[in-house]
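Just so you know, all these numbers are worked out from the coordinates, no wet-lab data involved. Just so it is clear, the structure is predicted and the values come from calculations on it, not from any experiment. Ideal geometry is used to build each Cβ from the backbone, glycine not excepted, and the neighbour counts take in all protein chains shown.
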Amino acid sequence: MTRGIVRKTCLALLLALLPAGSLLLAHTLMNTPDGRVIEIKEGTAQPDLAIYRTPLKSKVQERRFYMGNAQYAANEMFFVGQTGFTDMIRAVFPVRAKQAFHWVTHQEAYWYARLTMGFGAATSHCGISMIHGPYWTVKAQEYSRKNRLQRDRGERSLSNKDIFLGFYLPLLYKRVGIPRVFDDAHPVYLEFASGMPYFTGKMGVADDFRDPQSAKDGAWGVPRYWYDTRPFRWDHDTMDVMLDMGAIGQTQKRRAVWMAYMYKANHIEESPSVPGEEITLLGNDAEEGLRGAMLTWMNTNQILALKAQFAAHPDGKLGGINPLRYRPEEGLRYFPHLIRPNLTLLGDLPERPVGWSVKDRRSLLWDQSSLLWGMSEYFHQVYRLPEIFTANPPVDGGLMEKSLGPVVRGMNNMIVRNLAAMHRQGDLLVSEWSPETGAGTTVTLRDSALAILALREFVDRYLEINAVEALGADEDAGIDPEVTRLAGKMLRAQAEFLLAVQGQDGSFYEGYDVTSRRGTGRSTVARSQFAGIRALLAAYHATENEKYARAARQTWNLLAGSYYHEPTGLFRSQLGSDVVELTPYDVGIQLGAIREIMFTTPVHLIEPILDWYPRWWVQTVDISGMQQSELNFTGELFYGVRDADFDGDGIPFASKGPGRHGIAPSLAARVAVALGGSASSALAGLEGEDHDPDRWGGNVRYEYQAGSMPMPRLPITIEESDELVERSPMKRFDGLTYPLPASKPYHPSDTGLTGKQLLQRNCILCHGWTGQGITGLPWRADAFERTRDSMFEIPKFGRASRLMPEWGLGNADGVGSVLSDEEIYRIVDFVQSDEFKTLIEEAEAGIIHPQFPPKDAYYYISRAYLHGRKEKATEADILTVLEAYERAVATNTKINVLELLGATSSAAGAHKEEQTAAGAASRR
Amino acid sequence: MKTSDSPAAAGLLLLGLLAVLPPAAARGESPQDPPEPVETPAPWLDLGVDEPLIDIERKLIKDQIRTFIPPLLRGFTPMHAFTLPPNTLEAGLSARFASIGGDDFFRGGEENTAAFGDFDVERLFLDLSLFYGFDLGKKYLHNFTAFLNVPFLASRTDGFLHPNGVGLIDIMNRASTQEIGDVSLFIKKKVVDQANFPVGIAVMGGIFFPTGANDERFGVDGLIATRAPTLPSGGPPPVGVPLPIEILAGLPRTVGQFPFNDGVFNRFSDDGRLPSVLQPGDGAMSYQVGVFLTRQFLPGDLPPFHRAALHFGTTQRFRQKADGVDRGDLNTHQLTFVFPLKRDFVSLEVGYFGTYQSADHYDGTFITPFFTDAGGTNVSSGATHVTFKEVPRPPFTKGEWGNLVTSLIVSPDPQIRFVATLLTRVVEPDLGPAPPNIFRFSLSALF
């Protein structure tokens, strides 16, 4: 009952805040062909991470993009990105002034995860285009039927393409405010198993995109690649076109979490239909509104494809199924491991399926768990996003039918029932089922962890208040109580099993024979230990039983003591080996385990982990060679025009990375790293491409002090103490409720930091050094219009609809908050000071301040158009901004870049024009 | 509850309004009571249950994309890896015109003007082609195109030829024929689509029915005349006896008076037929198999081309002996590249098209003059005597005949296509006729 009240309160809070969420996100201004100005996120600059870096000897052994592993890693990254960061503030992680931690979570993890989705499953063409999806097929039939009266006899029926391009996209443009869709992007609904992520064309960074529809030729305010995504295609010949159920499940999860992110708020912009009228549009901003719709459509098409085509009989025959009526005892139907699509390339459209065949008839626990994990999330979004899922879209303003909910619900039920029917020996789950031999007898830690995670997600989604209310289910029993109970039972059995087989030292084997309970494989492999932690903590979250958290901490300490290699900041892959093998799964499972350990650790014990975390991330992801490229959002503010690695983090701008035209910002498939000199010879014997972060010319600095950031150990049991405060369960961004451990109250000591210092160490990554907003809102209104107390309320209480963290509230329990009220007031006072107001005005007028890191080149270029520049920007203009910045720093003088870029209107009046153009900025 | 007696019309009206007006949320209006849901079918749960979704898709494919064959990406022959969508008919008419002069006949890879110096053949081929796409709806039995070809041949022959280069023997032939050729029926099957493999691959097999005549003769329905030798004793020249070359003087000019009529006109058969390459038909069933590869280039794959396609195809026609004549197997091969000149409307095809003709074979022997004194075969080499010999019938055609292909493809509508092609000879055959140019024009329409 308590849980229900918490949920209802959170829901009410969320709903109350949603309409208030106005909103623009960011600050490159795009000029649309119809004369509007809309706002797009810009890049930002990173803090100095040199103290976290140590040189590594590594080899990139494989750059291939394996969809399943890559998207799994991105799923884990998402939950430390902007949404996870907000959760951490609510949970009162002592992140105050920890800029490096902010950066590697809120910015790097966020963008790397986001770009993995965009570049991996939309611009790459690495999958079957959504336009061929069953949702559009049904719509094509429906609309053809409806429109028959208006059409000549014998005229052909409407095609999927007609429906998508002719009906839905134009409608969407008006609902989100974007003027057109990206050229050549093909969101896919069924992802291929893998592909080589090299770009096949030259990525255009000048502002010279010519829109064939409107004939607008450049001068958009964004680089060409923003609209022309053709260079981002991967070579089709390198793709493994097999459909891997695990990969499909992971991408389902990917998109479902991003749907919620993209639609967490509306935005106000000029109406695409009524000139001059400002209206509320769907999505955080125009771009994200569009992306959110695409994600929704992609997921829906995928689920319909699964249920309508991929429900295999044990003999390998594929077919459709009504999942709500499905019962395994009446004949098994399941989603087999590999399906080979028979595709055809028809010239003017991407490949389309004309047949399917089962390539691998096995059912794998990883696959089914991935699907359950993903579709449980999607199920949640159907009821979480009532503006999107409506009764009669598009007539009533929605995008998709709410009636899709029962499909997803049925699919989840089907998978849970199948796990019980196919993947069990006794009460325990096993990794594999095959038509010939039935259920196997072993389970791997990897599969076990994901299964527990998925079952926990399923159970809690079926108890989720929105869905319960929407479906009129019993709040305590949830939706489909019989299936929910079955899932809970399997989850508990599996968790108990892990506890039972955990070694004395906290270790896990790679797998176990569930009949004999003996380990299989090795007990000295790091990824099994991380998987064990992830599984145990999922069980802890589901049951709130502390014994699982204790077991997880024991494994954590084992990792800290035996696996962590402090000189390099990496975990040994295997004890006894000095060569570390990193894959996206390793990054994902390590990240997931570390993140959940932090959330399970009392506040007063977290700080050492926060201080260590950037060290682990920088070494594992950035310096090792795992992250292959990046964009402006994570530091390449000048688009690789002169420097491939402007921000000196060892990661090149995407078009300057490996390959003829660069490589997608994604994780490499396999990287080997030598731990120390003795391992170098072993590394030399391995195949692969030597990785040198300095090869991109970024002057990467390595200033890690040996021994300065050890991996902290944790007490297995949190000692009872009168100082400990019991905490309320916390609802994270994903909509699930998590227990928080009892903690000592957090009272940040007054370090004497001024408002300016506090601002620069906590706020600027989102709001910009001069308050123009990046992923957070601009501060003009706060500085010039709001009262002191009015502005104070925003950081104090946060803004759920904008992912503005509750810096001064925390979880509204006795533990406290990250910033004290006094500190927040200091920040407010600084923002409202004349010094900062001047900074805002100067920055808006295009003045570079030598004391601050640079802004994205298109911040200035897009403003130059507003102030009189006519010519479309070239790479030379990007260079102009860069050189102006360098000159400003060298001479310690302010430089007006807009003038250099050919702006003709008065700089002094610039902010007024800009304010008009970006009207939403000043109205919240 | 329905909002209208006609939900379809109501839905259409609402959609029409939405097309020009922003949605309520976008207009910033406060949400009104949402309209009652129109009772539209929402077949989500049962989608694909009673009828396989892929079957629905396959039915829709024809409507959604009227041709599986991008009209501007295929060349002048069907030697590509595309197949038609199920139940789609394409009809085409093509015309080829070839003019073969005397210097377009070859022997040993060289021009054979000694024999064909004054000869000229003009041939017009008309082909009516019907293509039909079908699908048997089972694994491995998808993506078929059936292909029926009905050829017509019109030819006009005019000029003199000199058997064995004997300049003093002129055979004048002036004739024209209009005949149906061998009707053929093929089945083409796409076995690999480029979407699943770097190239699309199709295979083909078919039959040529012996509907065309194989017994066209010299002079039939036309005029034939020769300058014949003077007879020393009124009878036919003795075989194997050297005779003075003056025997070739004298000028009887009708066929009937020609003393060794059988010897000259029976070069290829006892009844004086034309060589097989000039016959409209084979006279017997023949079979053809082929394999075609197509690589499409998508935008960005091959700058500066937007879309383009590379086609390679080869066919082998196995011929049977008929009436003592073996026409020899024929291999056809082609490599062409098609790219748009004006996107969506005009393409250009360039490449190579060639045939390799195995030597034809004619049973039996015939009598023909040889010049023995000077060892030459031509009077101009100084020979003083001619000897008539009975020899096996020689082959008439053999070897590789290769052409550069240039086609202009115009498609004003995806279902209509015009192709104008020029084949320019670049490889001369070892033996037989090979026109220096062939002009081809075709029109096809998809139904």
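For segment A:591-689, the list of GluC sites (Glu not before Pro) that fall in a loop by DSSP and count at most 10 other C-beta atoms within 10 angstrom reads A:Glu687.
In a reduced charge model with +1 at each Lys and Arg Cβ and -1 at each Asp and Glu Cβ, the protein assembly as shown shows a dipole moment near 1400 debye about its Cα centre. The separation of segment A:234-274 from segment A:753-773, counted between C-alpha centres, amounts to 32 Å.
Between the amide H of A:Arg799 and those of A:Met804, distances stay under 5 Å, these residues lying 5 or more places away or on another chain, with hydrogens modeled in the peptide plane. Here the protein assembly as shown carries DSSP beta bridges of which approximately 95% are antiparallel, counting only pairs with both residues inside. Taking the DSSP beta bridges with both ends in segment A:336-482, the antiparallel portion is around 90 percent. Computed per residue of chain A from DSSP H runs no shorter than four, each worth -39500 (n - 2.57), the mean residue ellipticity at 222 nm is -12000 deg cm²/dmol.
Dividing the convex hull volume of the alpha-carbon atoms in segment A:452-543 by its residue count gives 90 Å³ per residue. If you take the square roots of the eigenvalues of the alpha-carbon gyration tensor of segment A:301-344 and sort them as a ≥ b ≥ c, do you get rounded (a/c under 1.5), prolate (a/b over b/c) or oblate? It is oblate, given that a/c is not under 1.5 and a/b is not larger than b/c. Given axes a ≥ b ≥ c from the Cα gyration tensor, I'd like to know whether segment A:93-234 is rounded (a/c under 1.5), prolate (a/b larger than b/c) or oblate. Prolate, because a/c is 1.5 or more and a/b exceeds b/c. The orientation-averaged projection of the convex hull spanning the C-alpha atoms of segment A:180-230 amounts to 4.3 square nanometres. Converting phi to 3J(HN,Hα) with the Karplus coefficients 6.51, -1.76 and 1.60 and the offset θ = phi - 60°, segment A:785-797 yields 10, 6, 7, 4, 6, 5, 5, 4, 5, 5, x, 5, 9 Hz in sequence order, with x at every glycine or proline.
Which translational diffusion coefficient, to the nearest whole µm²/s, is obtained for segment A:165-321 from the Stokes-Einstein equation, given a Kirkwood hydrodynamic radius over C-alpha pairs, 20 °C and 1.002 mPa s? Spell out each step's value before the answer.
On the way: Rh = 17.8 Å.
It diffuses with D of about 120 µm²/s by this estimate.
Dipole of segment B:84-162 computed with +1 at Lys/Arg Cβ and -1 at Asp/Glu Cβ about the Cα centre; of B:Thr113, B:Tyr140, B:Leu124, farthest Cα towards the positive end is B:Tyr140. Phi angles across segment A:292-298 convert, under the Karplus curve 6.51 cos²θ - 1.76 cosθ + 1.60 with θ = phi - 60°, into 3J(HN,Hα) values of x, 5, 4, 4, 4, 5, 4 Hz, Gly and Pro given as x.
Couplings 3J(HN,Hα) of segment A:615-624, computed from phi: 4, 4, 5, 4, 6, 6, 9, 8, 7, 5 Hz, in residue order, whole Hz [Karplus 6.51 cos²θ - 1.76 cosθ + 1.60, θ = phi - 60°; x for Gly and Pro]. Put simply, the amide H of A:Met730, placed in the peptide plane, has neighbours under 5 Å in A:Tyr738, A:Leu740, leaving out anything fewer than 5 places away on its chain. Shape verdict for chain A, please, from the Cα gyration tensor: rounded (a/c under 1.5), prolate (a/b greater than b/c) or oblate. In terms of gyration-tensor shape, rounded. Each label point was placed 7 Å from the Cα along the Cα-to-Cβ direction; for A:Ser790 and B:His306 their separation is 5.4 nm.
Between the amide H of A:Lys359 and those of A:Leu338, A:Ile339, A:Arg340, distances stay under 5 Å, these residues lying 5 or more places away or on another chain, with hydrogens modeled in the peptide plane.
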